[in-house]
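A.B. asks: Before I ask anything, here is the structure I am working with.
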DNA sequence: ATGGTGGGCTACCCA
């Protein structure tokens with residue numbers, strides 16, 4: 001079973017890239033973030049043509065938006081939690097049956113948090129911290145087995161998840177308050193699949209800013225995208241992959257796709 | 001210390 005996560009930064013604009021990607025890799029399930037499309041305009045027929053007949057999506061105009069594309073049928077459990085009291089389309093989950101077992105898959109798009117790393121001065125940063133606190137509480141109250149959690153969590157937790165640890169300690173996405181909160185959230189019952197397969201001090205990045213003349217040469221990346229598995233699935237983990245080459249395709253997203261391979 | 005680019009869409013927007 002292969003599961004992909006990708007912040008696609010506009011699903012409609014990058015449908016051709018997704019098509020190319022899926023011609024080479026055939027994950028059973030794909031989780032996308034920043035689809036930036038409202039549900040009435042969701043390109044469902046195009047995705048079904050690509051072989052992903054089972055779809056769920058939660059989108060809005062211009063911002064955010066998440067979806068899951070699957071070759072396997074699934075259910076959408078009733079889940080009425082409004083994160084931080086908002087309807088801003090940052091989470092979707094499914095339940096699917098595979099080899100006579102049931103699994104849950106969560107797809108998250110955590111708020112980026114703005115520029116100023118101070119919750120008193122910057123409401124976006126406050127929202128980001130509150131969002132993670134709420135998620136942590138929810139997973140504490142609802143301990144998970146047979147669960148996979150993926151998405152753009154907008155935090156690079158470890159020293160070797162950024163191009164320069166010291167220089168980024170006061171930059172949103174790598175401040176100690178965020179990295180501690182992210183690890184606390186993960187410790188509600190999850191294992192970091194990417195870092196289980198690729199150990200520090202090897203650097204891993206999944207995002208490179210658009211604001212560099214040459215992203216590859218400057219290589220100022222961060223690992224903002226994550227693949228977590230509940231601890232009981234750890235023995236089933238096979239491999240992870242970071243599709244760095246996609247950052248060099250024409251009109252790329254600033255994030256690259258990542259996949260998890262697991263023997264469910 | 002600053003500003004750089006890109007997406008959606010016309011907002012002192014978002015990333």
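A.B. asks: Where residues in the stretch A:71-102 are within 16 Å of the chain's Cα centre (by Cα) and more than 16 Å from DNA strand B (Cβ to nearest atom), which of them is surrounded by the most Cβ atoms within 10 Å (Cβ to Cβ)?
C.D. replies: A:92
A.B. asks: In the stretch A:26-46, which residues are out of contact with any strand residue (DSSP E or B) (no Cβ under 7 Å at 6 or more places or on another chain), away from DNA strand B (no atom under 12 Å from the Cβ) and either in a loop (DSSP other than H, G, I, E, B) or touching a residue at least 60 places away in the same chain (Cβ under 8 Å) (or both)?
C.D. replies: Once the filter is applied, which keeps residues that are out of contact with any strand residue (DSSP E or B) (no Cβ under 7 Å at 6 or more places or on another chain), away from DNA strand B (no atom under 12 Å from the Cβ) and either in a loop (DSSP other than H, G, I, E, B) or touching a residue at least 60 places away in the same chain (Cβ under 8 Å) (or both), the stretch A:26-46 yields only A:26.
A.B. asks: Does the stretch A:1-17 hold any residues that are more than 9 Å from DNA strand B (Cβ to nearest atom) and surrounded by fewer than 22 Cβ atoms within 10 Å (Cβ to Cβ), and which are they?
C.D. replies: Of everything in the stretch A:1-17, those that are more than 9 Å from DNA strand B (Cβ to nearest atom) and surrounded by fewer than 22 Cβ atoms within 10 Å (Cβ to Cβ) turn out to be A:1, A:2, A:15, A:16, A:17.
A.B. asks: Checking residue A:182 against (1) surrounded by 15 or more Cβ atoms within 10 Å (Cβ to Cβ); (2) free of Cβ contacts under 8 Å to residues at least 60 places away in the same chain; (3) more than 26 Å from residue A:232 (Cα to Cα), which test does it fail?
C.D. replies: Looking at each condition in turn, residue A:182 falls short on (3).
A.B. asks: Take the residues of the stretch A:103-154 that are under 26 Å from residue A:68 (Cβ atoms) and surrounded by fewer than 14 Cβ atoms within 10 Å (Cβ to Cβ): which is farthest from DNA strand B (Cβ to nearest atom)?
C.D. replies: Across the stretch A:103-154, the extreme among qualifying residues is A:145.
A.B. asks: Show the residue pairs meeting these rules: Cβ distance below 7 Å; 6+ apart or different chains; first residue within the stretch A:197-217 and in a helix (DSSP H, G or I); second residue at pLDDT 95 or above and away from DNA strand B (no atom under 13 Å from the Cβ).
C.D. replies: Listed by first residue and then by second, the contacts come to A:197/A:239; A:197/A:240.
The values are calculated or read from the model by the stated rules, or taken from the named source; none is laboratory data. Everything numeric in this text was worked out from a predicted model, so none of it was measured. Cβ sites come from the backbone with ideal geometry, for glycine too, and all protein chains shown count toward neighbours.
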